1. With the requirement that a residue be free of Cβ contacts under 8 Å to residues at least 60 places away in the same chain and closer than 19 Å to Tyr129 by Cβ, what does the range 145-161 give you?
2. Quick check on the range 185-238: of everything there that is over 19 Å from Glu121 (Cα atoms), aliphatic (A, V, I, L, M) and in a loop (DSSP other than H, G, I, E, B), which residue is nearest to the chain's Cα centre (by Cα)?
3. For the range 132-158, which residues satisfy the criterion of being among the aromatic types (Phe, Trp, Tyr) and in contact with a helix residue (DSSP H, G or I) (Cβ under 9 Å, 6 or more places away or on another chain)?
4. Show the residue pairs meeting these rules: Cβ distance below 8 Å; 6+ apart or different chains; first residue within the range 63-85 and closer than 10 Å to Cys3 by Cα; second residue open to solvent by less than 50 Å² (accessible area, probe 1.4 Å) and part of a helix (DSSP H, G or I).
5. One residue is enough: does the range 90-104 have a residue meeting the conditions among the acidic types (Asp, Glu), under 12 Å from the mean Cα position of the chain (by Cα), closer than 27 Å to Gly11 by Cα and open to solvent by 60 Å² or more (accessible area, probe 1.4 Å)?
6. If a residue must be open to solvent by 10 Å² or more (accessible area, probe 1.4 Å) and not in a helix (DSSP H, G or I), how many such residues does the range 70-87 contain?
7. Exactly one condition in (1) touching a residue at least 40 places away in the same chain (Cβ under 8 Å); (2) closer than 19 Å to His155 by Cα; (3) not basic (Lys, Arg) is not met by Gly11; state its number.
8. Working only within the range 109-127, note down all residues that are closer than 17 Å to His162 by Cα and either acidic (Asp, Glu) or surrounded by fewer than 16 Cβ atoms within 10 Å (Cβ to Cβ) (or both).
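The values are calculated or read from the model by the stated rules, or taken from the named source; none is laboratory data. Keep in mind that what you see is a predicted model, and the values were worked out from it rather than measured. Cβ: placed from backbone, ideal geometry, glycine included. Neighbour counts: every protein chain shown. These accessible areas exclude ligands, DNA and RNA; they are computed on the full protein's heavy atoms, side chains included. Shrake-Rupley method; radii C 1.70, N 1.55, O 1.52, S 1.80 Å.
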Amino acid sequence: MLCYLDVETTGVEKKDRICSVGMILEEGGRYETLYDLVRPPKKVPPEAMAVHHLTNEMLADAPEFDATAAAKRLEALNTPETLLVGHNLAFDLDMLAKEGITWQGGMIDTLKCVKHLLGSEIAHFSLQYLRYELRLYQSEHALADELGIPLCAHHALSDALHTMLLHRYLEAMADRERLMTLTTEQALVHKLTFGKYGGKFIEDIARRDPAYLEWMLRSLSDLDEDLRYSIEYYMNEVRG
């Protein structure tokens with residue numbers, strides 16, 4: 001059983017919680033979709049609303065997470081026989097853990113796999129960027145119509161569909177076991193995706209302006225773990 005998962009949340013901090021969940025289950029060519037709004041234990045701030053457009057009024061009558069159909073289905077599927085697939089899966093797993101779900105099955109993080117397999121070619125790694133860069137949109141309408149899923153960025157079920165399309169793209173490059181292995185390994189990122197050197201090769205920055213990279217390592221406590229690993233790798237390479 002494959003379970004493609006996406007959650008929308010009240011934010012990205014430790015205190016934040018799930019406010020919607022979308023799942024696409026695939027087994028033997030058959031599909032099942034689940035989508036639930038969730039009433040979180042904290043208010044949704046305007047910054048989060050601007051991303052997923054879920055307001056506190058929309059969530060006021062929604063059930064708490066553990067009372068949703070999606071939560072009950074996840075709990076039933078939480079076995080070694082289920083493969084969970086998500087984009088930036090570590091974030092989703094952290095949010096599920098706050099709701100009492102510690103995942104026991106296999107895992108594929110399409111974000112990690114893209115970094116490993118396409119990191120030297122792709123400038124950005126967000127799901128919506130990859131949707132267009134990799135031309136996933138060319139096959140999205142037929143599948144969305146078949147499954148009755150609205151195509152809308154940062155809608156949990158729509159994002160689960162794009163995660164499924166991205167996973168299929170990656171499976172043309174590496175088999176499932178390899179993708180599961182890549183999910184657990186640190187990825188070497190070749191370019192910065194933000195800041196004054198956005199789009200530039202980290203190795204070149206390490207040669208020309210190592211102080212900037214040292215500042216990033218020292219000052220940005222929330223730096224992506226793969227980016228931190230990559231900066232340290234290239235700085236060590238340059239130092240010899």
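1. The answer is Leu151, Cys152, Ala153.
2. Only one residue tops the list, namely Leu223.
3. Within the range 132-158, the subset among the aromatic types (Phe, Trp, Tyr) is 132, 137.
Passing the criteria: only Tyr137.
4. Pairs that qualify, where the first residue is closer than 10 Å to Cys3 by Cα and the partner is open to solvent by less than 50 Å² (accessible area, probe 1.4 Å) and part of a helix (DSSP H, G or I), are Leu74/Leu96; Val85/Thr110; Val85/Thr163; Val85/Met164; Val85/His167.
5. Yes: the range 90-104 contains one or more residues that are among the acidic types (Asp, Glu), under 12 Å from the mean Cα position of the chain (by Cα), closer than 27 Å to Gly11 by Cα and open to solvent by 60 Å² or more (accessible area, probe 1.4 Å).
6. Just the residues of the range 70-87 that are open to solvent by 10 Å² or more (accessible area, probe 1.4 Å), to begin with: 72-73, 75-81, 83, 87.
Filter once more, so that each one left must be not in a helix (DSSP H, G or I): 78-81, 83, 87.
So the count comes out to 6.
7. Of the numbered conditions (1) touching a residue at least 40 places away in the same chain (Cβ under 8 Å); (2) closer than 19 Å to His155 by Cα; (3) not basic (Lys, Arg), the odd one out for Gly11 is (1).
8. Scanning the range 109-127 gives Asp109, His124, Ser126.
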